[in-house]
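Okay, structure first, notes after.
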Amino acid sequence: MSGARSAFDGDGERVVPDGMTIRRRRRHRGWSRRDLVDAIARASQRASGRDQTITPNLLQAIEETNETVAYEVVCLISAGLDCNPVELLLDETPPPEELH
């Protein structure tokens, strides 16, 4: 989408997205990475009147290596996929400590 700005992932809370879940949802829709990037821009335009999105390279890093990003980036992706951002986070809950 021309004129779309890339999301700045500066000082916000850093999270680890679940790249496999994002990829699975994208492919379920039959979308390329570029299609999802465009869907993010459209969702941002509808929600805030701003064309904000992420780069295909960042999306690739998220899908392939669970790249740590600002929570805002996960929110943008979730808007493009029309889901709750929490559904796209990697569950890194530490296992309960064993009782001795």
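The values are calculated or read from the model by the stated rules, or taken from the named source; none is laboratory data. Please read these numbers as outputs of a predicted model, since none were measured by experiment. A quick note on method: Cβ atoms are made from the backbone with ideal geometry, for glycine too, and the neighbour counts reach across all protein chains shown. Accessible surface is based on the protein model in full, side chains and every heavy atom, while ligands, DNA and RNA are left aside. Shrake-Rupley method; radii C 1.70, N 1.55, O 1.52, S 1.80 Å.
Annotations
- Computed E for THR65/ARG42 - FRET, C-beta separation, R0 22 angstrom, nearest 0.05: 0.25
- Taking 0.36 nm per residue of sequence separation and removing the Cα-Cα distance, the ASN84/ARG27 pair yields an extension gain of 18.8 nm.
- Rounded to whole numbers, the Karplus 3J(HN,Hα) couplings from phi for the stretch 65-74 are 10, 6, 3, 5, 9, 5, 4, 4, 5, 5 Hz, using 6.51 cos²θ - 1.76 cosθ + 1.60 with θ = phi - 60°, and x at Gly and Pro.
- Interchain or long-range residues, amide H under 5 Å from GLN52's placed H: ARG5, SER44, GLN45
- Solvent-accessible surface of protein heavy atoms, probed at 1.4 angstrom with all chains present, puts ARG24, ARG34 in the order ARG24, ARG34, largest first.
- Under 5 Å, built H, 5+ apart or other chain: amide partners of LEU89: ASP18
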